[in-house]
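This report refers to the structure that appears directly beneath it.
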Amino acid sequence: MKKMNYSKLSLVFACCLLFSLVVRGSFVMAAEPSAPSVAEDVSSKDLGDLVTMAWAVSGEGNYARLDEIVSAILKQYEQEAMALHSGLSAFPARDKVEDYKVLNHVATALFVRAESLMHQGKTEEAVAAFNDLIKQYPYAQSWDPSRGAYWSIAEKSRASVDQMTGVEGGE
């Protein structure tokens, strides 16, 4: 009589068991780790990194995640941004721009949200968001690393409103 190889038998049994679980739908694959919650992102990331994330998820069309990020930024930093802006009557001097980083990042996050509304075809909501931004933060600026310069968030917001409403040349 031929001797049975128990390791092969165990392998066959394991394969049959796995096959039966898959066929019955009882087998569940381990889930991929989920993205960290926005609360974790806010507490573990620099505000500038959160704004970079906002740009990225907006570019991906992940508007729900964008809203979560912007809401979390506002919850944690909006009061400070408003306080900083209340002391301005013009754009800060170039050597003082770093002192207004929170203001600029919060306004940039709001700009990204307004732009996302525009890209979704939500014109009325986008126009309202841009106009609120123009009114609330007229001296906020955003850094453009590709040009090595700041740009006026209110000016770009006005251009977006003009484009959506058909006004040419900022009339």
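Among the residues of segment 61-88, which ones are small (G, A, S) and buried (at least 18 other Cβ atoms within 10 Å of the Cβ)? I'd like the intermediate steps shown before the answer.
In the first step, residues of segment 61-88 are kept if they are small (G, A, S); the result is 61, 64, 71-72, 81, 83, 86-87.
Result: A72, A81.
Among V167, V127, V97, V161, which is the only one that is surrounded by 12 or more Cβ atoms within 10 Å (Cβ to Cβ), over 19 Å from A81 (Cβ atoms) and modelled with pLDDT under 95?
Working: V127 fails: modelled with pLDDT under 95; V97 fails: over 19 Å from A81 (Cβ atoms); V161 fails: modelled with pLDDT under 95.
So the residue among V167, V127, V97, V161 that is surrounded by 12 or more Cβ atoms within 10 Å (Cβ to Cβ), over 19 Å from A81 (Cβ atoms) and modelled with pLDDT under 95 is V167.
Within the bounds of segment 103-115, is there any residue that is over 24 Å from E60 (Cβ atoms), within 20 Å of the chain's Cα centre (by Cα) and open to solvent by less than 40 Å² (accessible area, probe 1.4 Å)?
Let us first name the residues in segment 103-115 that are over 24 Å from E60 (Cβ atoms), namely 103.
When the remaining residues are screened for being within 20 Å of the chain's Cα centre (by Cα), the result is 103.
Applying the additional criterion that residues be open to solvent by less than 40 Å² (accessible area, probe 1.4 Å) yields 103.
Checked segment 103-115: at least one residue is over 24 Å from E60 (Cβ atoms), within 20 Å of the chain's Cα centre (by Cα) and open to solvent by less than 40 Å² (accessible area, probe 1.4 Å).
If you take the residues of segment 130-155 that are of a type in the set (F, W, Y) and open to solvent by less than 10 Å² (accessible area, probe 1.4 Å), which of them is nearest to R65 (Cα to Cα)?
Kept after step one, since they are of a type in the set (F, W, Y), are these residues of segment 130-155: 130, 137, 139, 143, 150-151.
After this cut, where a residue has to be open to solvent by less than 10 Å² (accessible area, probe 1.4 Å) as well, the list is 130, 137.
On the way: F130: 20, Y137: 24 Å.
Across segment 130-155, the extreme among qualifying residues is F130.
Collect the residues in segment 91-113 that are over 12 Å from A154 (Cα atoms) and among the small types (G, A, S), keeping them in residue-number order. Please lay out each step first, then the result.
Taking segment 91-113 first, the residues over 12 Å from A154 (Cα atoms) are 92-103, 105-106, 109, 112-113.
Within segment 91-113, A93, A109 qualify.
The values are calculated or read from the model by the stated rules, or taken from the named source; none is laboratory data. On a predicted model such as this, the values are computed, not experimentally measured, just so you know. Neighbour counts run over all protein chains shown; Cβ positions are idealised from the backbone, glycine included. What goes into the accessible areas is simple: the full protein's heavy atoms, side chains included, and nothing from ligands, DNA or RNA. Shrake-Rupley method; radii C 1.70, N 1.55, O 1.52, S 1.80 Å.
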